[in-house]
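Working notes, structure below.
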Amino acid sequence: MANHVKILNQDSGADMSGYVQKTDPTTSGMAFILSASGTTGAISVEAPGPVTMNYTVTGAKVGDAVMMNFQNDSTNGLIVGQPYVSAADTVSIDFGCGDETDGESNMSSANYEITVIRKVV
């Protein structure tokens, strides 16, 4: 079991489909994978920004690795920062203004997916 990843459903905490082999079977430990998805409201950032948005991912802990994907075609000039766990159960991401001409960048609501990975020794 030391060379596998346990996948948990963020909504129910239920174990999803057992275990998946890690890409490097020489490492020890396990990684818990949490996920959340939803729809943001409109995001507007005036230069120079940034604006920090917070998203709930139940079970996330400070120090966990985070990936975030917006499922729309464009962020309409927003500069999207690296997501991070800022507090228990909270993923934060900073957005900056990429439009120096008008001094404002806007994105209408967008679907997003957040994945949090925690290595467990």
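Since every read-out is calculated from the coordinates, none of them should be taken as a lab result. These numbers come from a predicted model, not from an experiment. For neighbour counting, all protein chains shown are included, and Cβ atoms are generated from backbone atoms with ideal geometry for every residue, glycine included.
Annotations for the structure displayed:
- Number of positions in the range 35-63 that are small (Gly, Ala, Ser), more than 19 Å from ASP99 (Cβ to Cβ) and in a loop (DSSP other than H, G, I, E, B): 4
- If you go through the range 33-58 and keep only what is surrounded by 14 or more Cβ atoms within 10 Å (Cβ to Cβ), of a type outside the set (Val, Ile, Thr) and within 13 Å of the chain's Cα centre (by Cα), you end up with LEU34, SER35, ALA36, SER37, MET53, TYR55.
- Matching residues, the range 86-121, being touching a residue at least 60 places away in the same chain (Cβ under 8 Å), under 17 Å from TYR55 (Cα atoms) and of a type outside the set (A, V, I, L, M, F, W, C): SER108, SER109, ASN111, TYR112, GLU113, THR115
- Looking across the range 74-121, the residues that are within 18 Å of the chain's Cα centre (by Cα) and not in a strand (DSSP E or B) come down to SER74, THR75, GLY81, GLN82, PRO83, ALA88, ASP89, SER109, ALA110.
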